[in-house]
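One structure below.
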Amino acid sequence: MTPLLPLQKLGEDMSLKKLYMKDEGLIPTGTFKARGAAVGVSKAKEVGVHELAMPTNGNAGAAWALYAARAGLKTTIVMPNDAPKITRNEVALSGANLYLVNGLISDAGKIVGKAVKDYQLYDASTLKEPYRIEGKKTMGLEIVEQLNWEIPDVILYPTGGGVGLIGIYKALRELKELGWVEGKMPRLVAVQSTGCAPIVKAWEEGKKESEFWDDSETLAFGINVPKALGDFLVLDAIYNTSGCAIAIGDESMIQEQERIAHLEGSFICPEGAAAFVAARRLREKGWISENDTVVVLNTGAGIKYPNTVNIEPEILQKPDKIIREKKNLMNH
Ligand SMILES: Cc1ncc(COP(=O)(O)O)c(C=O)c1O
């Protein structure tokens, strides 16, 4: 279980009285992707799979390759050449077959699709195997349990393939069906990047499915998904909960990442930072009100993205005195 942290200072800064961060940066491999891997890999082993294959933007591949190593399963992982280097290293260290593609996750998906057919591998792609989502669902179960079985007003989630959001929605529906919680569903918010916002565009146009987003680019690599297989499920979850979808620029994410480190002592990933910017914007617009209980998913640890922060601290010659004036070290 990851902590649901009340963020008082950031909340004051956004004029939100009940702002929480569900901090997924603390789980093994540093992102929420380990939740899907824990269930998906366990189930694959149970049903007798020997080798699984998946396309990834990095974090899922790292989680699945390492969990599979523990389970004694072989893995073939294909990721974009530009994916965060640390995830490439995690996969390689696990002993998995690692391939890089000069393209996006959608290109990696096509390669995996062919490899699955040619070599009879188990396809662990998002929503092609049924158990990953059961792992993601636990985020929704935990949020409600940590709020003493109360449903929050709003949940914001950085959305790429959308499985986390679909999983949270599934968890909440099941809890209601079981009679463990009552009341209104939270308004679910899918947060994307302005450099890759197919679901936002579809939501703005009132469509049920998204279109492929050409030349997508964002430093929040986990949400660089030009066309999600489960886009219709994400949109369904948004429409059914009176939620919304919103796109955030890379520059704003980086500023929010710094603000959160400064105010709350937490170094979060750019995807999580995007979701916090979204909360800020929606509060400014009045879509979220001051007394709403707002849960933002920080889907991973900032230390998995060392290159998003570029500081040039001063190097002291040994006997130099430290000049204690405040400096802005960030280069924006
Ligand atoms: C850190 C991080 N956040 C968010 C996402 C998006 O997750 P989902 O596929 O559930 O939308 C990813 C996916 O790679 C990720 O790595």
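The values are calculated or read from the model by the stated rules, or taken from the named source; none is laboratory data. In this text, all values refer to a predicted model and were calculated from it rather than measured experimentally. All Cβ positions, even for glycine, are placed from backbone atoms using ideal geometry, and neighbour counts span all protein chains on display. Protein only, heavy atoms only, side chains kept; ligands, DNA and RNA dropped before computing areas. Shrake-Rupley method; radii C 1.70, N 1.55, O 1.52, S 1.80 Å.
Yes or no: Lys176 without any contact (Cβ under 8 Å) to a residue 40 or more places away in the chain, closer than 25 Å to Glu46 by Cβ and in the same structural domain as Asn291 (by TED's automatic domain parsing)? So that I can check it myself, show each step before the final result.
Values: without any contact (Cβ under 8 Å) to a residue 40 or more places away in the chain: yes; closer than 25 Å to Glu46 by Cβ: no; in the same structural domain as Asn291 (by TED's automatic domain parsing): yes.
Against the criterion (without any contact (Cβ under 8 Å) to a residue 40 or more places away in the chain, closer than 25 Å to Glu46 by Cβ and in the same structural domain as Asn291 (by TED's automatic domain parsing)), Lys176 does not qualify.
Pick from region 215-224 the residues that are in a loop (DSSP other than H, G, I, E, B) and of a type outside the set (D, E, K, R): which of them is most open to solvent (accessible area, probe 1.4 Å)?
Across region 215-224, the extreme among qualifying residues is Leu219.
Being in a loop (DSSP other than H, G, I, E, B) and more than 15 Å from the ligand (Cβ to nearest atom) is the filter here, so list the residues in region 225-265 that pass it.
Thr241, Ser242, Gly249, Gly265 - these are the residues of region 225-265 that are in a loop (DSSP other than H, G, I, E, B) and more than 15 Å from the ligand (Cβ to nearest atom).
Scanning region 266-285 for residues that are outside any helix (DSSP H, G or I) and near the ligand (Cβ under 10 Å from one of its atoms), which turns out nearest to the chain's Cα centre (by Cα)?
Checked region 266-285; the qualifying residue nearest to the chain's Cα centre (by Cα) is Cys269.
With the structure loaded, tell me whether Lys117 is outside the structural domain of Ala274 (by TED's automatic domain parsing), modelled with pLDDT under 95 and not in a strand (DSSP E or B) or whether it fails that test.
Working: outside the structural domain of Ala274 (by TED's automatic domain parsing): yes; modelled with pLDDT under 95: no; not in a strand (DSSP E or B): yes.
The answer is no for Lys117.
For region 1-92, which fully contained strands (runs of 3 or more DSSP E) count at least 3 residues that are closer than 21 Å to Gly161 by Cα, touching a residue at least 60 places away in the same chain (Cβ under 8 Å) and not assigned by TED's automatic domain parsing to the domain that holds Ala220?
51-55
Mind counting the residues in region 161-193 that are in contact with a strand residue (DSSP E or B) (Cβ under 8 Å, 6 or more places away or on another chain) and within 16 Å of the ligand (Cβ to nearest atom)? Give the steps one after another, and end with the answer.
Taking region 161-193 and keeping what is in contact with a strand residue (DSSP E or B) (Cβ under 8 Å, 6 or more places away or on another chain), we get 162, 164-165, 168-169, 186-193.
Filter once more, keeping what is within 16 Å of the ligand (Cβ to nearest atom): 162, 164-165, 168-169, 188-193.
Selection size over region 161-193: 11.
Restricting the search to region 225-238, which residues are touching a helix residue (DSSP H, G or I) at 6+ places or on another chain (Cβ under 8 Å) and either without any contact (Cβ under 8 Å) to a residue 24 or more places away in the chain or open to solvent by 10 Å² or more (accessible area, probe 1.4 Å) (or both)? It would help to see each step written out before you state the result.
Here is the first cut: in region 225-238, the residues touching a helix residue (DSSP H, G or I) at 6+ places or on another chain (Cβ under 8 Å) are 225-228, 230-231, 233-235, 237-238.
Scanning region 225-238 gives Val225, Lys227, Leu233.
Could you count how many residues in region 101-116 are closer than 23 Å to Ala301 by Cβ and open to solvent by 50 Å² or more (accessible area, probe 1.4 Å)?
0
Looking at (1) among the aromatic types (Phe, Trp, Tyr); (2) within 16 Å of the ligand (Cβ to nearest atom); (3) surrounded by fewer than 23 Cβ atoms within 10 Å (Cβ to Cβ), which is the only condition Tyr119 fails?
Only one criterion in (1) among the aromatic types (Phe, Trp, Tyr); (2) within 16 Å of the ligand (Cβ to nearest atom); (3) surrounded by fewer than 23 Cβ atoms within 10 Å (Cβ to Cβ) is unmet by Tyr119, namely (2).
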